[in-house]
Amino acid sequence: MARAKQPPQIHQMSIAQFEAIFPNEDACCAYFIGKRWPEGIRCPRCGSERTYDLKTRKWHWECPDCRQGGAYRFSHLTGTIFENTNKPLRDWFRVIHLMLTSKKGISARQVWHYMGFGSLKTAWYMCHRVRVALMEDIDKLGGIVEVDETFVGGLAKNRHWDKRGGGGGTGGVGSGKTPIVGAVSRKGNVVARVVANVNSATLTAFVREAVSHKVSLLCTDQYPGYNPLDMDYPHATIDHARGQYVVGAIHTQTIEGFWSIFKRGVIGAFHKISRKYMPLYVAEFHFRYNNRGNADIFGTAIKGC
């Protein structure tokens, strides 16, 4: 039997390559400008291309079309997550590189020690700003799509009787857990959202937002909250309670693999994540997963900043 062809391994930028590409602050500024304005400098306020350099200030420009009330001057950082920062762009690039090359994430405390910042709060602030930039809009998923929910957090003694938080219909929220629902296209992208609960209305709304009606198959487990999907999608289920995990093309192992990566990051790197900031951490893992085949994941991230 012929062995299945393995996808080519993607090598991300190493530390040595990072140091060679970004030896100083000017190299970082030039790289960022190239990603932000690949077709030339544009005014971030009006979009005008008729900008000109300020001779007295490096990496600053003026827009002649925004002179109502005075000339509008801007820099390469205006309107980005780097605006008003007191850290050099090269430090930001280092933090982003650390976050993207850590499959299970890197905590603010680790970044603090690695970068030698004066306070932990600085590292925490920078990591969260980067996570905001990594939030992305994904086209609706097609092909064979798997949908599943999971719960993160809570004390071990408060764990629900099954993964859905017992029979109370609270979805684990009562035990201090945060519900997250996700959908993944096989060999494609994942979409994950923090939700208030996992009742049928919430799950159906999420699937309609994330999944195309042209899917060839929608796979879930036997949770009753997915039953309304039968009306809109070619819906098939796998019954884990009966020991079923794969029945032909029907399974949820891809999305469960994403949950595994996310939870290992929570347990191993972050230890504890509050519900308030959970969407940011989901976005970080979301971005890394969807760019796992992107050799220039760093450039893609910088472009979104």
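Within the stretch 101-138, count every residue that is without any contact (Cβ under 8 Å) to a residue 60 or more places away in the chain, in a loop (DSSP other than H, G, I, E, B) and among the polar types (S, T, N, Q).
The qualifying residues number 1.
Answer yes or no as to whether residue 73 is outside any loop (DSSP other than H, G, I, E, B) and farther than 23 Å from residue 55 by Cα. Let's see the steps before the verdict.
Working: outside any loop (DSSP other than H, G, I, E, B): yes; farther than 23 Å from residue 55 by Cα: no.
So residue 73 does not fit the description; no.
At pLDDT below 95 and among the β-branched types (Val, Ile, Thr): does that describe residue 297? Reasoning before the result, please.
On the way: at pLDDT below 95: no; among the β-branched types (Val, Ile, Thr): yes.
Taking the combined requirement at face value, the residue does not satisfy it.
Would you say residue 170 is modelled with pLDDT under 90 and either in a helix (DSSP H, G or I) or on the phi < 0 side of the Ramachandran plot (or both)?
Values: modelled with pLDDT under 90: yes; either in a helix (DSSP H, G or I) or on the phi < 0 side of the Ramachandran plot (or both): yes.
Judged against the criteria, residue 170 is a match.
Of the residues 189, 158, only one is modelled with pLDDT under 95 and polar (S, T, N, Q); which?
Testing whether each residue is modelled with pLDDT under 95 and polar (S, T, N, Q) leaves just 158.
Just for the stretch 19-60: of the residues that are of a type in the set (Gly, Ala, Ser) and surrounded by fewer than 11 Cβ atoms within 10 Å (Cβ to Cβ), which one is modelled with the lowest pLDDT? I'd like the intermediate steps shown before the answer.
Initially, the stretch 19-60 is screened for residues of a type in the set (Gly, Ala, Ser), giving 20, 27, 30, 34, 40, 47-48.
Filter again for surrounded by fewer than 11 Cβ atoms within 10 Å (Cβ to Cβ), leaving 40, 47.
Working: 40: 94, 47: 91.
Ranking the qualifying residues of the stretch 19-60, first place goes to 47.
Which one of these is touching a residue at least 40 places away in the same chain (Cβ under 8 Å), among the basic types (Lys, Arg) and not in a helix (DSSP H, G or I): 292, 288?
Details: 288 fails: not in a helix (DSSP H, G or I).
None of the other options fit; the residue is 292.
Taking into account only those residues within the stretch 209-261 that are among the aliphatic types (A, V, I, L, M) and assigned to a loop (DSSP other than H, G, I, E, B), which is surrounded by the most Cβ atoms within 10 Å (Cβ to Cβ)? Step through it out loud before you land on a result.
Step one: of the stretch 209-261, the residues among the aliphatic types (A, V, I, L, M) are 210-211, 215, 217-218, 229, 231, 236, 238, 241, 246-247, 249-250, 255, 261.
Filter again for assigned to a loop (DSSP other than H, G, I, E, B), leaving 215, 246, 249.
Details: 215: 21, 246: 10, 249: 11.
Among those residues, the one meeting the criterion is 215.
Please state which one of 65, 139 is farther than 30 Å from residue 252 by Cα and outside the structural domain of residue 266 (by TED's automatic domain parsing).
On the way: 139 fails: farther than 30 Å from residue 252 by Cα.
When all the criteria are applied, what remains is 65.
The values are calculated or read from the model by the stated rules, or taken from the named source; none is laboratory data. As the structure is a computational prediction, the values presented were derived from the model and not from experiment. Here the Cβ is made from the backbone with ideal geometry for all residues, glycine too, and neighbour counts use every protein chain on show.
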